[in-house]
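The values are calculated or read from the model by the stated rules, or taken from the named source; none is laboratory data. Because the structure is a prediction, the values reported are computed rather than measured. Here the Cβ is made from the backbone with ideal geometry for all residues, glycine too, and neighbour counts use every protein chain on show. Just so you know, the surface numbers come from the protein's heavy atoms only, side chains and all, with ligands and any DNA or RNA stripped out. Shrake-Rupley method; radii C 1.70, N 1.55, O 1.52, S 1.80 Å.
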Amino acid sequence: MELKIIQPAACCDPSTGCCEPDLPVAIIGAGPIGLAAAAHLKERGVPFFILEKGSIAENVRTWEHVTLFSPWRYNVDEAAGRLLEQTGWQKPEPEKLPTGVELIGEYLEPLAKLLAPDIWERHEVVAIARDGIDRMKSAGRASKPFLIYAETPDGTREMKAGAVIDATGTWGNPNPALSTGVLLKAEKELADRIDYGIPDVLAHEEQYADRRIAVVGGGHSAINSLLSLMKLKDRHPETQITWILRKKRVEDAFGGGQDDELEARGELGSRIAGYVRDGRVEVVTPFRITGIREADGIVLSSDGKDLAPFDRLIVNTGSRPEFGFHRELRFESEAITEAVPALAPLIDPNLHSCGSVPAHGEKELRQPEEGFYIVGSKSYGRAPTFLMATGYEQVRSVAASLAGDREAADNVQLVLPETGVCHSGAGGCC
């Protein structure tokens with residue numbers, strides 16, 4: 001397969017430690033965080049290119065039918081907004097809640113058009129290394145440029161970069177149904193009847209109407225799936241909906257209600273609580289799935305106890321980071337959360353208050369591989385408490401550092417809305 005080399009224009013002064021001369025910063029992923037990183041670099045005059053395995057905002061498109069619980073004021077990056085406003089773009093109403101499709105059409109696609117000369121779509125990154133050396137070699141390592149290998153419709157391409165920002169997220173790598181976190185052959189074989197993520201139930205109602213549907217998970221994604229199914233049930237009353245959780249009490253999944261500073265997030269829990277109370281949603285909790293098999297439908301088991309067969313399963317058990325293409329880089333992830341190590345004690349839902357993530361930036365995101373950063377939801381590993389506003393501040397700080405502005409990189413500020421439910425202690429949070 002043909003190898004092609006892209007060598008874009010000059011990068012920043014190598015004395016800052018950001019990158020080799022004549023090499024740009026590579027951003028992996030053209031979602032909200034990756035595009036924001038590009039906007040900050042563009043504002044500072046630091047050359048870059050973006051590699052995206054699909055199309056712009058590929059992951060967002062899988063949940064474009066969903067309404068976000070954070071309003072526009074949390075979803076537009078400041079540098080991106082400034083660039084867009086130079087073109088006459090009008091910022092959306094700050095307190096309005098966008099859907100995924102509105103986030104794409106009103107913000108991400110216009111932003112991508114401004115960055116388009118430096119975006120490469122359908123470029124799936126399969127490996128990153130240092131030029132001419134593998135992970136084991138130390139001598140002169142930091143002076144070597146990064147080599148990025150991407151599979152494209154035209155073959156394998158090799159690109160050089162002076163720094164790399166991984167903004168690929170975790171959404172496309174869901175956790176399986178089993179409570180152990182292990183994906184077994186039996187679950188793989190049922191893939192045509194299992195949805196991971198938040199399916200567009202109303203757009204594909206023939207798959208769900210008057211069927212036995214189970215939703216697995218206790219977070220906001222699961223609640224969104226349940227609420228979509230409730231709309232379907234209004235039209236198709238024979239639809240049976242079962243909610244399967246690991247929590248000791250279903251009430252622990254309802255959230256902060258009126259105490260949640262994001263009103264829409266609190267409302268999600270209040271609405272599903274009503275459906276549970278009136279019996280329209282059957283709840284099974286605690287139920288830790290230890291087995292899955294086919295027997296006139298999908299049968300879930302927990303230590304010998306079976307749940308009646310289901311026609312379809314919606315698995316909303318969170319996501320995990322994919323580190324496969326980092327294998328030849330020196331990177332670290334924390335043992336429990338798989339987060340960037342310095343972030344782990346700040347975000348571990350087993351220990352801390354997830355409504356009070358401290359401000360953090362380039363310093364906390366550093367990896368042993370100089371010039372390589374994991375940002376956005378992937379920096380949180382498996383922790384489910386990430387908000388876009390957090391990622392925007394991360395990449396602002398990283399871009400400032402790559403441009404040699406240490407003062408701006410260190411001046412991190414982050415104000416997140418309180419959830420109303422998160423608490424310290426062994427009881428976990430959210």
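Give me the residue from the range 92-107 that is part of a helix (DSSP H, G or I) and within 16 Å of residue 73 (Cβ to Cβ) and, out of that set, farthest from the chain's Cα centre (by Cα).
First, the residues of the range 92-107 that are part of a helix (DSSP H, G or I): 100-107.
Next, only the ones that are within 16 Å of residue 73 (Cβ to Cβ) stay: 102-103, 106-107.
Values: 102: 18, 103: 15, 106: 20, 107: 18 Å.
Ranking the qualifying residues of the range 92-107, first place goes to 106.
Taking the range 47-88 and the helices (runs of 4 or more DSSP H) fully enclosed by it, the elements with 2 or more residues that are touching a residue at least 24 places away in the same chain (Cβ under 8 Å) and open to solvent by 10 Å² or more (accessible area, probe 1.4 Å) are at 58-61, 78-85. Is it the case that some residue within the range 374-389 is farther than 16 Å from residue 34 by Cα and open to solvent by 20 Å² or more (accessible area, probe 1.4 Å)? Scanning the range 374-389 turns up at least one residue that is farther than 16 Å from residue 34 by Cα and open to solvent by 20 Å² or more (accessible area, probe 1.4 Å). With respect to (1) assigned to a loop (DSSP other than H, G, I, E, B); (2) surrounded by fewer than 16 Cβ atoms within 10 Å (Cβ to Cβ), the lone exception for residue 308 is condition (1).
Candidates in the range 146-173 are the residues that are under 18 Å from residue 31 (Cα atoms) and open to solvent by 50 Å² or more (accessible area, probe 1.4 Å); of these, the one that is nearest to the chain's Cα centre (by Cα) is 171. Scan the range 95-106 and give yes if some residue there is more than 24 Å from residue 26 (Cβ to Cβ), open to solvent by less than 50 Å² (accessible area, probe 1.4 Å) and in contact (Cβ under 8 Å) with a residue 40 or more places away in the chain, otherwise no. Yes, some residue in the range 95-106 is more than 24 Å from residue 26 (Cβ to Cβ), open to solvent by less than 50 Å² (accessible area, probe 1.4 Å) and in contact (Cβ under 8 Å) with a residue 40 or more places away in the chain. What about residue 41, is it touching a Leu at 6+ places or on another chain (Cβ under 6 Å) and at pLDDT 95 or above? Judged against the criteria, residue 41 is not a match. Filtering 140, 132, 162 for residues that are over 24 Å from residue 377 (Cβ atoms) and in contact with a Cys (Cβ under 6 Å, 6 or more places away or on another chain) leaves a single hit, 162. Go through the range 132-145 residue by residue and tally those that are open to solvent by 30 Å² or more (accessible area, probe 1.4 Å) and in a loop (DSSP other than H, G, I, E, B). Result for the range 132-145: 9. For the range 189-222, the tally of residues that are over 17 Å from residue 239 (Cβ atoms), free of Cβ contacts under 8 Å to residues at least 60 places away in the same chain and either open to solvent by less than 10 Å² (accessible area, probe 1.4 Å) or not small (Gly, Ala, Ser) (or both) stands at 1.
Residues that are of a type in the set (Ser, Thr, Tyr) and at pLDDT below 90 were ranked within the range 274-290; the one that is nearest to residue 243 (Cα to Cα) is 285.
A single entry from 116, 129, 112 fulfils the requirement of being of a type in the set (A, V, I, L, M), outside any loop (DSSP other than H, G, I, E, B), under 21 Å from residue 49 (Cβ atoms) and at pLDDT below 95: 116.
Among the residues of the range 228-254, those identified as assigned to a loop (DSSP other than H, G, I, E, B) and either in contact (Cβ under 8 Å) with a residue 24 or more places away in the chain or under 26 Å from the mean Cα position of the chain (by Cα) (or both) are 236, 238, 239, 245, 246, 247, 248, 249, 254. In this structure, residue 152 does not qualify as among the hydroxyl-bearing types (Ser, Thr, Tyr) and over 26 Å from residue 174 (Cα atoms).
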